[in-house]
Amino acid sequence: PITGERRRMSRTVHGTDVDAERELAQMLLEIGRMPAGGNLTVRDFVEDLYKPWLADHVRRSTRAGYESKLDGHVLPKLGDVPLRELEPYVLDRWRDELLTKLSGRSALHVYRVLSTALNRAVKWRLIVANPLDAVDPPRAKVREIDTLTAAEARDYLAAFDGHVLGPLVTIGIATGLR
């Protein structure tokens, strides 16, 4: 404008947070910051809509963790895929590839972050359903804990009887410390 002041678009929404978020998505469409319909890629959604939303709705440390997982494991493989074209079989292959690079537990965290982001896209009506709902989550491997038998515990107690570390070993065995 001639005055040099920025023109700001604003609307008052009377309703729920979801209504306000939907209106924000519509305003972004109108000003051309968000591609219409099927042209919205996963990268566009994450960078232009989801990350700014995270900034206002989660703690900084949580946001940093989400962004790290999205930037490191989601966007490199799925970033150029149109959001509406994400299919369960594509996500299934992505999950399997994730498991070759990460532990089951870490892969599960990345899966959950993407699922949360896609659930937000559903709430904003950018997609009809979360395609990750049709993909089984990665399984974290359950590690078997090696515990002492009663005989091994007696042997340790006998070995440390009268030693300066004896009381610590006794407390450790009695409380189940490893």
Original post:
Which residue, GLY15, GLY166, GLY104, has the most motion in a Gaussian network model of the chain that connects Cα atoms within less than 10 Å?
Top reply: GLY166
**OP:** Over the chain, give the accessible area per residue in Å² for a 1.4 Å probe, as an integer.
**Re:** 70 Å²
Original post:
When the helix-only estimate is applied to the chain (DSSP H runs of n ≥ 4, each -39,500 (n - 2.57), divided by the residue count), what is the mean residue ellipticity at 222 nm, nearest 500 deg cm²/dmol?
Top reply: -15500 deg cm²/dmol
**OP:** Mind giving me the FRET efficiency for LYS101 and ALA64? R0 is 30 Å, r the Cβ-Cβ distance, nearest 0.05 is fine.
**Re:** 0.90
Original post:
If you put +1 on each Lys and Arg Cβ and -1 on each Asp and Glu Cβ, how big is the dipole of the chain around its Cα centre, in Debye rounded to 20?
Top reply: 420 debye
Subject >> Cα→Cβ-extended label distance, 7 Å offset, between ASP19 and ASP146, nm >> reply: 6.1 nm
**OP:** Would you kindly state how much longer the chain becomes between VAL122 and ASP161 on full extension, computed as 0.36 nm times their sequence separation minus their alpha carbon distance, in nm to one decimal?
**Re:** 7.6 nm
**OP:** Could you look at the chain and say what percent of its accessible area is carbon and sulfur, using a 1.4 Å probe and all protein chains?
**Re:** 50 percent
Subject >> Calculated P(r) of the chain - Cα pairs past 27 Å, % >> reply: 48 percent
**OP:** With N set to the residue count of segment 68-133, report its C-alpha Rg divided by 2.2 N^0.38 Å to two decimal places.
**Re:** 1.05
Original post:
Counting pairs on different chains as well as pairs 8 or more places apart, how many Lys pairs in the chain have Cα atoms under 19 Å apart?
Top reply: 7
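The values are calculated or read from the model by the stated rules, or taken from the named source; none is laboratory data. Note that the structure is predicted; figures quoted are calculated from it, not measured. Neighbour counts are summed over all protein chains in view; Cβ atoms, including those assigned to glycine, are modelled from backbone coordinates with ideal geometry. In case anyone asks, the SASA skips ligands and DNA or RNA and just uses the protein heavy atoms, side chains included. Shrake-Rupley method; radii C 1.70, N 1.55, O 1.52, S 1.80 Å.
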